[in-house]
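This report concerns only the one structure given below.
The values are calculated or read from the model by the stated rules, or taken from the named source; none is laboratory data. This is a predicted model, so every value here is computed, not measured. Methodologically, a virtual Cβ is constructed for each residue, glycine included, from the backbone with ideal geometry; neighbour enumeration extends over all protein chains shown.
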Amino acid sequence: MRGVVMHAPGDVRVVDREDPQIVQPTDAIIRVTAACVCGSDLWPYRGIDDATDAPMGHEYVGVVEAVGAEVKTVKPGDFVAGSFMASDNTCEICQAGYQSRCVHVESMGRIGTQAERARIPLADGTLVATPGQPAPELIPSLLAASDVLGTGWFAAVAAEVGPGKTVAVVGDGAVGLLGVLSAKHFGAERIIAMSRHADRQDLAREFGATDIVEERGDAGVARIKELTGGLGAHSVIEAVGTQESMMQAIRSTRPGGHVGYVGVSHDVQLPGRELFFSGVHLHGGPAPVRRFLPELIQLIWDRRIDPGKVFDLTLPLEDAAEAYRAMDERRAIKVLLQP
Ligand SMILES: [Zn+2]
């Protein structure tokens, strides 16, 4: 089969990879209908994370082709969406709703779903079948549920977004934009998107943003304070993962407020004394997408949310190198790859 590997930073190739096989009786094999490039794939692309001939991709939807002997909830022919982390969905951590930290967790990124097929470990605890074969226009949204929507959704839950609250969103990538959509769904009164790109501002407004703040860093914090009577937001979603974005999030939050952080942390160091006096709640990490998948699939199926709008470029899998370039140069918000 054909699949994407990161040969070295900045060098994305589509190569012949071995066809996946059932290894464990809990595995499924899917034919990938759609995959995509994640903002987090740009860390190795830019040489910040290591990668040498690494299979790429952790987001996917597809059709089940084969299942191991112990798989009960999905069968060949089912259309499925799955989390970017495989989980058993039965251990104590999963039962508490933190499937991305399952005691048997397996990273789909190691398997690499930017490919024609993929082995899905722990299929029963990882995949959710859709109610039927989806209409083609639903596929981007179902794919978004695999990571960026589930992650934005978790960020909103972690930030305790709710009716009457003011929410600020740091980061205007796909996750930040879908954090806006999630905040809207949870009934936030005011949603402030922090973005300096016109196309992303437009999508943020479409998803429910009521205000746009173009400033970042301390100037951005000052604007949030100005918009909230000097108090800061009740809930802040952090969807970048840098020192600047994390401090921007914490400083934009009012005492007693909540930060939901989902940007993969890169060299972030929190000053203890400032954290102590901030009085804010911090919660986040790798989103337990599997917790939310059944609900997200239903909302998409019923056409109540349209998160697939974050895909502003679709390319054949063979053009994966161009997909990475477009995301790296911020010419595209998110690129869908069609095997
Ligand atoms: Zn588990």
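Sub-8 Å Cβ pairs linking a first residue in the stretch 11-22 that is surrounded by 14 or more Cβ atoms within 10 Å (Cβ to Cβ) to a second residue that is in a loop (DSSP other than H, G, I, E, B) and of a type in the set (S, T, Y), at least 6 apart or interchain, number zero. The residue that is nearest to the ligand (Cβ to nearest atom), among those in the stretch 132-152 that are under 10 Å from the mean Cα position of the chain (by Cα) and farther than 23 Å from P20 by Cα, is G150.
Of the residues making up the stretch 276-300, those that are among the aliphatic types (A, V, I, L, M) and over 16 Å from G152 (Cα atoms) number 1. Can you tell me which residues in the stretch 209-240 are on the phi > 0 side of the Ramachandran plot and at pLDDT below 95? Answer for the stretch 209-240, where residues must be on the phi > 0 side of the Ramachandran plot and at pLDDT below 95: just G217. The lone criterion from (1) more than 8 Å from the ligand (Cβ to nearest atom); (2) more than 14 Å from V128 (Cβ to Cβ); (3) not basic (K, R) left unmet by F84 is number (2).
Inspection of the stretch 311-334 finds no residue satisfying the criterion of being in the same structural domain as A54 (by TED's automatic domain parsing), under 30 Å from G125 (Cα atoms), in a loop (DSSP other than H, G, I, E, B) and without any contact (Cβ under 8 Å) to a residue 24 or more places away in the chain.
For the stretch 87-131, enumerate the residues that are away from the ligand (no atom under 12 Å from the Cβ), over 23 Å from P55 (Cα atoms) and not in a loop (DSSP other than H, G, I, E, B). Residues satisfying the conditions are V128, A129. Every test in (1) in contact with a Ser or Thr (Cβ under 9 Å, 6 or more places away or on another chain); (2) within 16 Å of the ligand (Cβ to nearest atom) is passed by Y60 save one, and that test is (2). With respect to the conditions (1) buried (at least 18 other Cβ atoms within 10 Å of the Cβ); (2) part of a helix (DSSP H, G or I), G62 lacks only one, and its number is (2).
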